[in-house]
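I have placed the structure first, in the form of structure tokens, so that the comments after it can refer back to it.
The values are calculated or read from the model by the stated rules, or taken from the named source; none is laboratory data. Small disclaimer: the values here were computed from a predicted structure and weren't measured. Cβ atoms come from the backbone with ideal geometry, glycine included; neighbour counts cover every protein chain shown. SASA here: full protein model, heavy atoms, side chains in, ligands and nucleic acids out. Shrake-Rupley method; radii C 1.70, N 1.55, O 1.52, S 1.80 Å.
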Amino acid sequence: MTDIRIRTTGTTGRITLARPKALNAMTYQMCLAIEEALDSWRDKAEVTQVVIDAEGDRAFCAGGDIAELYDTGTRGDFAYGQTFWADEYRLNAKIFEYPKPVISFLQGFTMGGGVGIGCHGSHRIVGQSSQIAMPECGIGLVPDVGGTLMLALAPGRLGEYLGTTATRMSAADAILAGFADLYVPEERWPDLIDRLEQGAGPDILANAAQEAPAGTLADLQEEIDRHFGGETLADILANLRHDDSDFTRDTLKKMQRNSPLSMASTVEILHRLRGPSITIAKALELEYRFTFRAMEHGDFLEGIRAAIIDKDRTPKWQFADQKVPAAAVSKMLMPLGKNTLKLEGKQMDALKIGFIGLGNMGAPMAANLARAGCTVTGFDTAVSAAEGVTMAASAAEAVRDADVVITMLPNGDILRRVAADVLPAMQQGALLLDCSTVDVESARAVAEQAGGSGQLFVDAPVSGGIGGAAGGTLTFMAGGTEQAFAKAQPLFDIMGQKAVHCGDAGAGQAAKICNNMILGATMIATCEAFALADKLGLDRQKMFDVVSTSSGYSWSMNAYCPAPGVGPASPADNDYTPGFAAELMVKDLGLSQQAAEAVDADTPMGALAHRLYRQFVQDEDGLGKDFSAMLPRFSERGRSG
Ligand code: NAD
């Protein structure tokens, strides 16, 4: 192929991008050729390292060749793009995980698809002409090719800034943001490549490296962190608009050019990725959810039209007023079911799941697993059918061949009974993954029982409610051994957006009840503050505008506002239909008090929240209402009750 030169020189596998007139833009054929070369060198003892460089001095690789994607997409053929991206992302993961050193020399532009080839290796060399960027929001995509991994790991909020503004990074900036490793003046590159080809190892690179000329990002870090800390694009824009400075003006101007839907989705992807469970596979899988839908539902075709077809540079974006509803972002990032990105080594098809407890939460979680290719066999004492699930006649029958058994049950007593029933029927080495919210003691007792019979156990209660279960965006708080957690991880990736390994068995439940104790108390505080504000004659919207951006802010106020018509959509706007029922809050607060008593912890706020919610459910018409319905309760009362 003329666009790329692949050969071995000595013990070095050599890849040279050779389309300098097209700024070495990556075609589908080039992707496949690189993958084939890497596969063939992986186990070959004669190849000890790989060097990737590019012809011409203007660019290492300015991106993917998007003209072809446009042609097929405008004809209504979305499959070509989807296959292109899936194959490209598989290659990106291979470079990231390659077992031998991969050394790349990144002169000029390295953007988008170029980052996927040049910035995932072990030694990424930049020079004086290097300019690295993730400009995808400008064409209606999100940063992809695994770029969100680096963005999520970049210091502070650099990732949100770089992803939504498409700012170009100099060598020093790229090193700061984690897209490059070493600065070596470009005149020295030919000699270094010669020596690598003659058998020198990558150590010579560090010896040749110098300090890069100063970039701009380090000086902007404090301002970036201050303005890009919000939960959503709307928070970030509000923050930037609030403050008139050279930085905010320049930043808003850059963001004005980009697709609002893409920017909002970028912020959401980075927030979902950030945390200890981040992996390249997870980054690519989330990116693919967006790119898979980008032609049909996103701004991608319009973005390319304006940028490279008509070149009018005036794209007509959806949500041009930059007000992107949360639902639009969720829709772009919903799990893809059977179309989920599959990277090599992910054998989801082979995984057999037994699922016990197919109620409000369990049924949609099981459906997501089935859509991702798992074989799911289920059992529930009251539910007789669930989407994607083959029902069994008993719990023991449902778990017999399973690699992983998931339980989603009402409480600890039921969990103990079900565990006693299923553990003897489970295979040796299989994993029991309990996602119910139960007391710490029950979780630990079942873990001990599982360990005694040669099985693994993880307690992984969830946050995110029924919407999160259906959308595959739950957060899991997990307790168990490293081995057990690792076995559960691919399932967390399907059912949720984030999994935090909190410690040994029981630690997940401990985290959950602490979280919900805070939630119960802050919701009550938020509701009573609204009731006070009403009586002081303060407008509820003004109250929200102040508190949601002041020190009284919390999830209860900002994301789940208990006042109807104020803040984002919440159960308050639906007559307090749960959502998260008040009686479930009573249960969780009861669990935290039970745990506090067991370890002699002083939790007066938690105890009071428990008492108030119990009273609400038992005596005050709270049963069956959302837990935010505390607001009308407070509104109707005076100080004497
Ligand atoms: P649910 O009552 O809708 O579902 C529980 C299911 O378990 C029911 O279908 C029930 O028939 C089944 N079941 C009970 N005993 C059984 C047994 N012995 N064998 C098999 N099946 C049995 O409850 P849910 O809302 O799905 O909640 C499940 C768990 O998730 C609870 O622990 C809850 O605290 C927790 N949780 C719920 C939410 C939420 O918003 N609903 C949010 C976070 C966590």
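Looking for whichever is open to solvent by less than 20 Å² (accessible area, probe 1.4 Å), at pLDDT below 95 and within 16 Å of the ligand (Cβ to nearest atom) here; the options are Ser570, Ser592. Which one fits? Let's see the steps before the verdict.
Values: Ser592 fails: at pLDDT below 95.
Every option except Ser570 fails the conditions.
Inside the stretch 600-641, can you point out the residues that are part of a loop (DSSP other than H, G, I, E, B) and over 36 Å from the mean Cα position of the chain (by Cα)?
To start, the set of residues in the stretch 600-641 that are part of a loop (DSSP other than H, G, I, E, B) comprises 600-603, 620-625, 636-641.
Listed by number, the residues that qualify are Asp600, Glu620, Asp621, Glu636, Arg637, Gly638, Arg639, Ser640, Gly641.
Restricting attention to helices (runs of 4 or more DSSP H) lying wholly within the stretch 239-338, give those where 3 or more residues are of a type in the set (Ser, Thr, Tyr) and touching a residue at least 40 places away in the same chain (Cβ under 8 Å). Give the steps one after another, and end with the answer.
Working: elements: 246-256, 260-273, 280-294, 300-304, 326-332.
The qualifying helices (runs of 4 or more DSSP H) are 260-273.
If a residue must be out of contact with any Gly (no Cβ under 6 Å at 6 or more places or on another chain), of a type outside the set (A, V, I, L, M, F, W, C), closer than 17 Å to Gln128 by Cβ and surrounded by 14 or more Cβ atoms within 10 Å (Cβ to Cβ), how many such residues does the stretch 186-215 contain?
Final tally of qualifying residues: 2.
Restricting the stretch 355-381 to residues that are assigned to a loop (DSSP other than H, G, I, E, B) and not aliphatic (A, V, I, L, M), which is farthest from the ligand (Cβ to nearest atom)?
From the stretch 355-381, those assigned to a loop (DSSP other than H, G, I, E, B) are 357-361, 372-374, 380-381; that's our starting set.
So of that shortlist, the ones also not aliphatic (A, V, I, L, M) come out as 357, 359-360, 373-374, 380-381.
On the way: Gly357: 4, Gly359: 2, Asn360: 4, Gly373: 23, Cys374: 19, Asp380: 4, Thr381: 4 Å.
Here the residue is Gly373.
Out of (1) out of contact with any Asp or Glu (no Cβ under 7 Å at 6 or more places or on another chain); (2) surrounded by 22 or more Cβ atoms within 10 Å (Cβ to Cβ), what's the single condition that is false for Lys44?
Result: Lys44 passes all but (2).
Among the strands (runs of 3 or more DSSP E) confined wholly to the stretch 107-189, which include 1 or more residues that are modelled with pLDDT under 95 and among the hydrophobic types (A, V, I, L, M, F, W, C)?
Numbers: elements: 109-111, 123-126, 131-133.
Result: empty, no element qualifies.
Write out, first by first residue and then by second, each pair whose Cβ atoms fall under 8 Å of each other, whose residues are 6+ apart or on separate chains, and whose first residue, in the stretch 449-464, is more than 14 Å from Phe485 (Cβ to Cβ) while the second is of a type in the set (Gly, Ala, Ser) and away from the ligand (no atom under 16 Å from the Cβ).
From residues that are more than 14 Å from Phe485 (Cβ to Cβ), the pairs are Gly454/Gly429; Gln455/Gly429; Gln455/Ala430.
Across the stretch 190-214, which residue is farthest from Gly140 (Cα to Cα) among those that are in a helix (DSSP H, G or I), charged (D, E, K, R) and without any contact (Cβ under 8 Å) to a residue 40 or more places away in the chain? So that I can check it myself, show each step before the final result.
Taking the stretch 190-214 first, the residues in a helix (DSSP H, G or I) are 190-197, 203-208.
Among the residues that remain, those that are also charged (D, E, K, R) are: 191, 194-195, 197, 203.
Filter once more, keeping what is without any contact (Cβ under 8 Å) to a residue 40 or more places away in the chain: 191, 194-195, 203.
Numbers: Asp191: 40, Asp194: 41, Arg195: 42, Asp203: 40 Å.
That would be Arg195.
Given the conditions (1) under 22 Å from Asp588 (Cα atoms); (2) of a type outside the set (Asp, Glu); (3) open to solvent by less than 10 Å² (accessible area, probe 1.4 Å); (4) modelled with pLDDT of 95 or more, which single one is not true for Val422?
Unmet for Val422, out of (1) under 22 Å from Asp588 (Cα atoms); (2) of a type outside the set (Asp, Glu); (3) open to solvent by less than 10 Å² (accessible area, probe 1.4 Å); (4) modelled with pLDDT of 95 or more: (1).
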